[in-house]
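Below you'll find the structure, written out as structure tokens, and then a few comments.
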Amino acid sequence: MKTSLSLIISAILAQVQAQSPHYQTETIPLPEGEIVEVSAIALMPDKKVAIADRRGQIWIGSGLYEDDLSKVRWRSFAKGLHEPLGMYWKEGSLIVQQRTELTRLRDTNQDGQADDFSCLCDAWGASHDYHEYAFGSDPDVNGDTWAVLCLTGSAKTGADWRGWAVRIDQAGKMHPEVSGVRSPGGIGFNPQGDLFYTDNQGLWNGSSSLKWLKPGGFVGNPTGNVSAKKFGLPEPPQPQSGSRIQIERKKDPRLIPPAVVFPHGKVGQSPTAVVPDLTEGKFGPFAGQLLVGEQTHSEVQRVDLEMVNGFYQGAVFKFLKGYGSGVVPLRLAPDGSLFAGGTNRGWGSRGAQPFSLERTRWKGGVPFEIKTMRVTPSGFKLRFTQEVDAELAADPANYPMKAWTYIYQKSYGSPEVDQATPQVTAAKVSEDRLGVEITVKGWVQGHVHHLDAQALKSAEGKPLWHPDAYYTLNEIPFARSGGIE
């Protein structure tokens with residue numbers, strides 16, 4: 001046991017050292033003597049930051065943007081909430097997603113503590129089950145808030161609308177929008193304003209994934225369909241257990257395939273928060289992409305999305321490691337400060353701390369990475385953060401690839417099945433040496449495609465910081481003209 005733990009700690013320390021030239025992660029002091037299992041983060045005016053914890057407290061802090069974090073100060077703002085897992089600031093109020101309701105908190109007498117707790121909506125059900133988490137979003141373009149409601153025990157429907165994504169309009173009315181949710185870990189928008197959430201491996205989920213919450217869609221788990229029947233809505237799809245997502249979506253177009261699958265164990269195993277990088281380069285060379293938290297592995301992953309034939313798909317890359325606890329909420333500030341909250345109670349994590357709050361900032365060095373991986377009618381187009389060694393990049397043998405999918409079934413998870421070995425038959429380097437277009441034979445629609453690019457080097461001889469890319473191929477585009485961007 002000690003040997004295994006030592007190996008894990010050594011691997012984490014090695015990763016932290018590897019990322020230190022590019023990103024710096026620092027521990028933010030939490031309220032002294034308090035247990036603060038950070039579960040939600042909100043940015044406020046005057047560079048203040050609000051944090052909520054799983055035990056129902058909200059704290060407001062100052063100094064979290066300063067170079068000297070010893071100057072951080074906290075004040076208690078509210079207590080007695082029910083496991084808040086979503087929070088944002090709007091027009092002088094904190095809007096908080098509790099397990100049983102969406103709540104507006106205000107400090108009407110300006111004494112620094114909330115004195116007005118207003119229920120905005122409580123139209124969904126809850127039982128006494130510990131696992132009925134409710135993750136809340138920031139407001140959408142219409143000012144509405146969304147919530148993804150975990151199944152009872154992550155497997156049953158012990159209350160109304162469990163297993164659904166619901167929208168709460170500004171009048172407080174709830175609208176069931178998307179069925180098929182199992183066990184969410186976070187919810188957030190991409191830069192285009194479309195909404196995504198992370199779902200964990202389990203029943204009807206072969207592996208954890210990032211899923212698009214397309215209104216009217218079904219995202220995979222039929223357990224919550226009973227609410228549609230009870231309240232007179234059209235019955236969502238009833239997939240066949242033991243099938244494949246690619247087969248079942250042809251039967252019913254309401255089934256929205258996972259946008260990006262996170263292969264279990266290889267890219268974490270409990271994805272959480274979803275935040276877009278809107279900093280225009282203040283957090284490094286990945287502006288416009290998504291950052292996704294990871295609880296079990298105490299990490300942050302990077303996702304490059306694209307829409308093909310009306311469906312989202314894309315690649316996930318490993319990104320940041322070494323956080324003190326299991327990452328649950330993330331909040332990326334406009335100045336490029338990434339705030340990460342953590343907890344490991346009930347959810348064991350590689351980060352050994354029981355709870356944490358940390359800040360990661362880009363130090364200015366550009367790592368050699370695959371910046372984007374996009375599909376073409378005949379393969380993939382890669383863009384890099386630095387110029388590649390053209391000779392290595394032009395050799396098709398330097399792009400070994402494997403592909404697989406998962407059994408779509410009502411039992412828990414799935415092994416990797418239907419393995420294939422696509423072959424890269426050609427590689428064309430762009431004139432600026434920042435791009436390579438590879439031709440692939442034997443790829444499989446509906447499969448995850450793992451590209452191992454460790455043989456590549458930058459023009460300066462540097463290896464890729466993260467050589468593995470995992471692309472979920474839901475759709476293959478139609479042939480079109482155009483070269484490498």
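Laboratory data are not the source of any read-out in this text; all were calculated from the coordinates shown. Here the structure is a predicted model, which is why all the values come from computation and not from measurement. Backbone-built Cβ (ideal geometry, glycine too); neighbour counts: all protein chains shown.
Once the chain from ASP46 to ASP194 is taken as fully extended at 0.36 nm per residue, the excess over their C-alpha distance is 50.4 nm. Rg ratio for the range 2-362: its Cα radius of gyration over 2.2 N^0.38 Å, N being its residue count, equals 0.95.
Taking the range 422-485, which trypsin sites (Lys or Arg not before Pro) meet the DSSP loop condition and have no more than 12 other C-beta atoms within 10 Å? It would help to have the intermediate numbers written out before the result.
Working: sites: LYS428, ARG433, LYS441, LYS457, ARG480; in loops: ARG433, ARG480.
Counting only loop positions with at most 12 other Cβ atoms within 10 Å, the trypsin sites (Lys or Arg not before Pro) in the range 422-485 are ARG480.
Across the range 62-70, computed HN-Hα scalar couplings (Karplus, 6.51 cos²θ - 1.76 cosθ + 1.60, θ = phi - 60°) run 10, x, 6, 9, 6, 5, 9, 6, 5 Hz from first to last residue, x flagging Gly and Pro. Computed from label points 7 Å out along Cα-Cβ, the spacing between GLU26 and ASN309 is 4.9 nm.
Near ASN221, once Lys and Arg are set to +1 and Asp and Glu to -1 for all other residues with Cβ below 13 Å from its Cβ, the sum equals +3. For GLY413, the residues 5 or more places off, or on other chains, whose built amide H falls under 5 Å of its own are GLY202, LEU203, TRP204, ASN205. With helices as the sole contributors, the chain gives -2000 deg cm²/dmol at 222 nm; each DSSP H run of n ≥ 4 counts as -39500 (n - 2.57), and the sum is divided by every residue.
Explain nothing, just the number: dipole magnitude of the range 370-472 about its Cα centre with +1 on each Lys and Arg Cβ and -1 on each Asp and Glu Cβ, in debye rounded to the nearest 20.
That gives the range 370-472 a dipole magnitude of about 320 debye.
Would you tally the net charge around LYS211, using a Cβ to Cβ cut-off of less than 14 Å, leaving LYS211 out, and scoring K and R as +1, D and E as -1?
Values: positive: ARG182, LYS214, ARG249, ARG254; negative: GLU177, ASP194, ASP199.
Net of charged neighbours comes to +1.
As a footprinting exposure proxy, order VAL436, VAL166 by other Cβ within 10 Å, with the fewest listed first. Walk me through the numbers on the way to the answer.
Values: VAL436 25, VAL166 21.
Going from sparsest to densest Cβ surroundings: VAL166, VAL436.
Loop-located chymotrypsin sites (Phe, Trp or Tyr not before Pro) across the range 89-156 with a Cβ neighbour count of 16 or fewer within 10 Å are TYR130, with loop assigned by DSSP. Take the Cβ-Cβ distance between LEU233 and VAL141 as r, set R0 to 30 Å, and report the resulting FRET efficiency rounded to the nearest 0.05. Using R0 = 30 Å, I get an efficiency of 0.80.
Along the axis of the charge dipole computed for the chain (Cβ charges of +1 for Lys and Arg, -1 for Asp and Glu, origin at the Cα centre), the listed residues HIS450, PRO184, GLY153 are led at the positive end by GLY153.
Taking amide H positions as modeled 1.01 Å from N, with prolines and chain starts lacking one, the residues under 5 Å from VAL375 and 5 or more places away or on another chain are LYS381. Here are some pairs, LYS266/LYS321; LYS47/LYS371; LYS318/LYS381; LYS214/LYS402; LYS371/LYS462; LYS211/LYS363; which of them have Cα atoms lying more than 22 Å apart in this structure? Check vs 22 Å cut-off fails for LYS47/LYS371; LYS214/LYS402; LYS211/LYS363.
Computed 3J(HN,Hα) for the range 110-126, one whole-Hz value per residue from the Karplus formula 6.51 cos²θ - 1.76 cosθ + 1.60 where θ = phi - 60°, is 6, 9, x, 10, 5, 10, 10, 10, 10, 6, 8, 6, 9, 7, 9, x, 8, glycine and proline marked x. Taking amide H atoms as placed 1.01 Å from N in the peptide plane, the amide H of HIS449 lies under 5 Å from those of TYR471, THR472, LEU473, each 5 or more residues away in sequence or on another chain.
Please check which bits of the range 418-437 a label hung off ALA394 would reach, taking the label as a point 7 Å along Cα-to-C-beta and the cut-off as backbone N under 17 Å. Taking a point 7 Å out along Cα→Cβ of ALA394, the residues of the range 418-437 whose backbone N falls under 17 Å are 425-437. Spatial offset of the range 250-320 relative to the range 62-98 amounts to 26 Å, using the alpha carbon center of each. Converting phi to 3J(HN,Hα) with the Karplus coefficients 6.51, -1.76 and 1.60 and the offset θ = phi - 60°, the range 351-363 yields x, 7, 6, x, 7, 6, 9, 9, 10, 10, 10, 6, 8 Hz in sequence order, with x at every glycine or proline. Computed about its Cα centre, the charge dipole of the chain is approximately 980 debye, with only Lys, Arg, Asp and Glu carrying charge at their Cβ. Of the trypsin sites (Lys or Arg not before Pro) found in the range 164-266, those in coil by DSSP whose Cβ has at most 13 other Cβ atoms within 10 Å are LYS173.
Cβ crowding within 10 Å ranks VAL275, VAL328 as VAL275, VAL328, fewest other Cβ atoms first.
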